[in-house]
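The values are calculated or read from the model by the stated rules, or taken from the named source; none is laboratory data. Just so you know, these numbers come straight off a predicted model, no measurement behind them. In this analysis, Cβ positions are derived from the backbone assuming ideal geometry, glycine residues included, and neighbour counts consider all displayed protein chains.
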Amino acid sequence: MRDADLYDVAVLGGGASGMFAACIAASRGARVVVIDKNKSLGEKLAITGGGRCNITNAEYDIHALLKNYGADAKFLYSPFSQFGVEDTFKYFSARGLPLVIEARGRAFPETQKATDVVKVLEKELKKHKVSVVRATVKRIVSDSGFIERVETTGGDIRARAYILATGGASHKETGSTGDGFTFLKSIGHTVKDPTPTIVPLSVRDRWIKILAGVSLKKVSITFFLDDKKQFSKTGDMLCTHFGLSGPTILNSASAVSHLLEGGGAVTARIDAHPTLDLGALEKKVIAVFDANKNKTLKTVFKELCPVGSAKGVQTLLTNINFETKVHSVSKDDRKKIVRLLKALPVSILGLMGYDRAVVADGGVPLSEIDTRTMRSLKYDNLFVTGDLLHINRPSGGYSLQLCWTTGFVAGTAASLIKA
């Protein structure tokens, strides 16, 4: 085989971590090829964050940042020390795409366009003469702890090092179909089957579906399994035609999935006034009623519910006449209103699945990866990045930061393999 046929680094997958790994390896002088089956690179990246791209989270303290990755934090200190959040800000700003910080530390490109993130990476690939092969990977051929070649629909590709960056199983319409999991299993890696971990919840409740598009601000939700309290979250959530979404819900989905596995009844209660206990809320309701005695309950009720939600919440109080003047509302009805606002009922049907998942977990456990280099502990010339790693993380920029970090580390280490 002629040296001209041999790449230094072959990157399988042209998503966030794959493109970034290719940019880094090529910038260090490696001859790099990216193999991707889509018509365009970065298709999933281009739609992330609702098209705005939550590129990272502005938590610069590595210890505080890694708490968001749970039990996997102990594996991640080395890679995040090599390329962290501050490095992400510097990298994109230096290439004409400054970032802005929004609520909860979420960072976005100043242009608010995910496609601009893709353009920066494409420009870097072109600058460093990275080859792009439009083909589907059919098989990874290995022998004695070494990857020999990759068989694709466009022919075999050989390299000194291989970076597997095909993505997980979320957003299959972008080509992220979980192929990498199949490849990893075929060459002997352990692979945990994926479940959608940052995903909306499907619910039975009509009152929520009536409010499709309404955001419930600063509320809390408590989850129950067979009527036994499990955990609570506070923040914003979004009512949809299928159930509940929004940051608070997305970051509860992984824990809810574990509750659902047991087969018991999973329910929840939303507290519209989490800063007030039952007694304090009743005093507030009485004060509002006293100030609006001659108005209808329907009018005043809007002041007691999260903005825009009264229409749906009202359907849960079928025995109360909302055309009644406030001065005529009975004590019992007033107490029903108070109790409801502290415990709006939700019946959980399940998680929405990969088609609506922001992130799906699954992949290679970090115990099989040398996270100092992202090198496989089974194959000396194989590196694994991004969503192919079994790491739970919340929404808010943590997933893409994982792509930048692991892509950087893998690209750097892969570029050093010479034989």
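Can you name every one of the helices (runs of 4 or more DSSP H) wholly within the stretch 1-116 that holds 1 or more residues which are at pLDDT 95 or above, more than 19 Å from N392 (Cα to Cα) and in contact with a helix residue (DSSP H, G or I) (Cβ under 7 Å, 6 or more places away or on another chain)?
Values: elements: 16-27, 62-66, 73-82, 85-94.
Counting at least 1 such residues, we get 16-27, 73-82, 85-94.
Residue-wise test of (1) under 27 Å from the mean Cα position of the chain (by Cα); (2) aliphatic (A, V, I, L, M); (3) outside the structural domain of V219 (by TED's automatic domain parsing); (4) at positive phi.
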position	(1), (2), (3), (4)
L244	yes, yes, no, no
S252	yes, no, no, no
V256	yes, yes, no, no
L276	no, yes, no, no
K298	no, no, no, no
K302	no, no, no, no
N321	no, no, no, no
H327	no, no, no, no
S347	yes, no, no, no
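To keep it simple, each residue is scored yes or no on (1) in contact with a strand residue (DSSP E or B) (Cβ under 6 Å, 6 or more places away or on another chain); (2) crowded, with 16+ Cβ neighbours inside 10 Å.
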| position | (1), (2) |
| --- | --- |
| P98 | no, no |
| I101 | yes, no |
| A107 | yes, yes |
| E110 | yes, no |
| V120 | no, yes |
| E124 | no, yes |
| V130 | yes, yes |
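Would you mind finding the one in S186, S215 that is at pLDDT 90 or above, more than 20 Å from G350 (Cα to Cα), surrounded by fewer than 18 Cβ atoms within 10 Å (Cβ to Cβ) and in contact with a Leu (Cβ under 9 Å, 6 or more places away or on another chain)?
One residue alone meets the criteria, S215.
If we scan the stretch 131-154, do we find a residue that is in a helix (DSSP H, G or I) and of a type in the set (G, A, S)?
Looking through the stretch 131-154, none of the residues is in a helix (DSSP H, G or I) and of a type in the set (G, A, S).
In the stretch 16-45, which residues are of a type outside the set (A, V, I, L, M, F, W, C) and farther than 13 Å from A410 by Cβ?
S27, G29, R31, D36, K37, N38, K39, S40, G42, E43, K44, listed by residue number.
What are the residues in the stretch 199-223 that are closer than 17 Å to A272 by Cα and assigned to a strand (DSSP E or B), if any?
S215, L216, K217, K218, V219, S220, I221, T222, F223
Against the conditions (1) in a strand (DSSP E or B); (2) at pLDDT 90 or above; (3) within 30 Å of G51 (Cβ to Cβ), where does Y162 fall short? Just the number, please.
Of everything listed in (1) in a strand (DSSP E or B); (2) at pLDDT 90 or above; (3) within 30 Å of G51 (Cβ to Cβ), Y162 misses just condition (3).
Could you list, in sequence order, the residues of the stretch 181-229 that are basic (K, R) and in contact with an Asp or Glu (Cβ under 9 Å, 6 or more places away or on another chain)?
K192, K217, K218
Conditions (1) in contact with a Pro (Cβ under 7 Å, 6 or more places away or on another chain); (2) outside the structural domain of T166 (by TED's automatic domain parsing); (3) surrounded by fewer than 18 Cβ atoms within 10 Å (Cβ to Cβ), marked per residue:
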{"site": "V9", "(1), (2), (3)": "no, no, no"}
{"site": "A16", "(1), (2), (3)": "no, no, no"}
{"site": "F20", "(1), (2), (3)": "no, no, no"}
{"site": "I24", "(1), (2), (3)": "no, no, no"}
{"site": "V34", "(1), (2), (3)": "no, no, no"}
{"site": "K44", "(1), (2), (3)": "no, no, no"}
{"site": "C53", "(1), (2), (3)": "yes, no, no"}
{"site": "A58", "(1), (2), (3)": "no, no, no"}
{"site": "I62", "(1), (2), (3)": "no, no, yes"}
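Within the stretch 15-37, identify whether any single residue is farther than 30 Å from R139 by Cβ, among the hydrophobic types (A, V, I, L, M, F, W, C) and under 20 Å from the mean Cα position of the chain (by Cα), and answer yes or no.
Residues of the stretch 15-37 farther than 30 Å from R139 by Cβ: none.
Scanning the stretch 15-37 turns up no residue that is farther than 30 Å from R139 by Cβ, among the hydrophobic types (A, V, I, L, M, F, W, C) and under 20 Å from the mean Cα position of the chain (by Cα).
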